[in-house]
Structure formats: structure tokens, C-alpha cells
1. Just need the relative contact order of segment 198-286 here, percent rounded to a whole number, with Cα pairs under 8 Å and 6+ apart.
2. May I ask you to list the aspartates and glutamates whose Cα is less than 13 Å away from that of Lys156, ignoring any residue fewer than eight positions away on the same chain?
3. Return the tail of the calculated pair distribution for segment 131-286, meaning the percent of Cα-Cα pairs more than 20 Å apart.
4. With respect to the cross-link table entries Lys165/Lys255; Lys87/Lys155; Lys179/Lys279, which display a Cα-Cα separation exceeding 32 Å?
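FYI, it's all coordinate maths here, none of it is from the lab. Computed from a predicted structure; not experimentally measured.
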Amino acid sequence: MVNSDRLSAVCERKPLNLDNMGLTMKIRLSFCVILAFSSLFCGPSDKKTKEDVAANQYDYRVAVQNYQIGCNYLNELDSVNAIKYLKLAVEMEPENFNYNHWLGVAYSMNGQIEKAEESLTRAIEINEASTESYNCLAVLYTENGDYQKAEEYLKKVLADGSYPKPDFAYFNLGILKQKEGKLVEAVAAFQKCVKENPEFYRAYITLGNMYEEDLNYKAALHYYSLAEPGYKDDFKLYFKIGKMNYKLKRYREAKRHLSQVLILFPPPEVDAEVQGLLKLIQKMGY
């Protein structure tokens, strides 16, 4: 079974990626699969020999084995080998929803967007109630700039009261609105995300980035601070918190966080900026 914490949408593990001091949105998907392996009742009919039945049983078991191997590779973020085995499973059982869905996820992780869309669409054709497949497709459409279709699918996801992870759907909706430039709607979606799941730390980072870009340093500091429990010993977040405190003239707090950045051995460009800020703080007598 796929470990949803290892896959992150687009969709959650606690990602530790704040490249270029901003949030690089990647397709980080988080999904839940419940596999029910039914018993096989393959008694021979008038048109089937015992050999045919045995072959069908064997194919089923091999398909399941390939599926499980593919899922294990997904857990290890090895999309190439995941595709290899999940594709074999689909070839053996083309009408199996789970096989098609997770092949689509593997393709999306590997950047093969058209094939991902094809497999996920096939999964929905097999099972129209597949809310998670709609969520995955919405992420793909957002990345491709098809915002109307992405929003249509996210609305389907959010309309499903039984969907276990509405926080991911709201986060994906926030990303969509942010890309559209509808920042008020984006903020509202991210806030709904953390209301559903207060430990969705990635949303706090995104909100912090948005407010920092808007020069609202107080709000940015608020959201960066809320993200801190999910980003232990992350020099990029400590740098952001230190910098926001500096902007707000809270020099003692700025010094504390910036000093922590140096302990974590940041890259040279960050180290130089931190050293410069600490020298300015020192000149002020802190």
C-alpha cells in the first residue's frame, strides 16, 4: 500500500523546501488508497478449461505483485521503476482503478504530464467516484495553466463530504488562485486549509511568503512562526523569521534567529546576508 506521507499536491508530508527564499511549488501529492483484495472464485465454466482458470489466477497474482512493487518504488520516490511495474499491472488488468490511478501519479512525479492525465482520466472512467483522481488531475491542470478545469475538479473534490483530506484540496485551490493572481481568494483558501488541519505547515509558509511580498512583515512573521514546529532546524525558515523581526525592529529576536541560521551552515549567499544583518544589530547595541 502506498504511504501517503511519502508522496506530497501537489498533495503531505512536511516538506522542507523553500528554494530561493520563496516557496517553489511542485507537484507534491498526498493520497490514501484502501486496497480490498477479494477472493477469487474461478471455478471452471463450460467454456473454460482448468488450465485457463489457473492462468487467470496466476495473472491476477502477478498483477498484484507488480502493483505492490510499483507502490514500494513510489514510497521511495523512484518514479521510473514505479512506472515500470505499475504499467505491467495495468497491462494485465486494464480495468483496475487502483492500478490506473497510481500509474498516473507515477507519471506525474516523473514529469510525464500527458501520460499522467491519460491514466488518471482512465481511473475516473472506471470509477467516477474517485475523488482523489480528480484532485490529482486538478494539480496537473493548475501546473499546465488550465485554471478553469482545475477549479472545476477541485470543486468536485470539496463537494465530497467523505473525502478524508479537504486540507489538501483547499491548499491546491490556494495555489490555483495564487497563480491566477487572485490573492484574496488564495489567502482565504490557505486559511481554510489550516483550519481543517492546523499542522499543514506548508500553507503557513505560503501565507508568510505572500504577506512578505506585500511588505506586511507583521503578518508574514505571524505565519512563518506558525510554520516553525514543522520545520525543525531549517535555516531558510529561521532566516525568514530573523529577517522579519529585523524589519519590525525586534532586534533581540532577530539576533536569536539569525544566530541560529549560522549554526546550521547556510550557503555562502545566505551566510553573507546574515552576517551583514548581525553586524547592523550589533552596532545598535544588541
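1. Reported relative contact order: 21 percent.
2. Within reach: Glu128, Glu132.
3. Here the tail beyond 20 Å accounts for 56 percent of pairs.
4. From Lys165/Lys255; Lys87/Lys155; Lys179/Lys279, over 32 Å: Lys165/Lys255; Lys179/Lys279.
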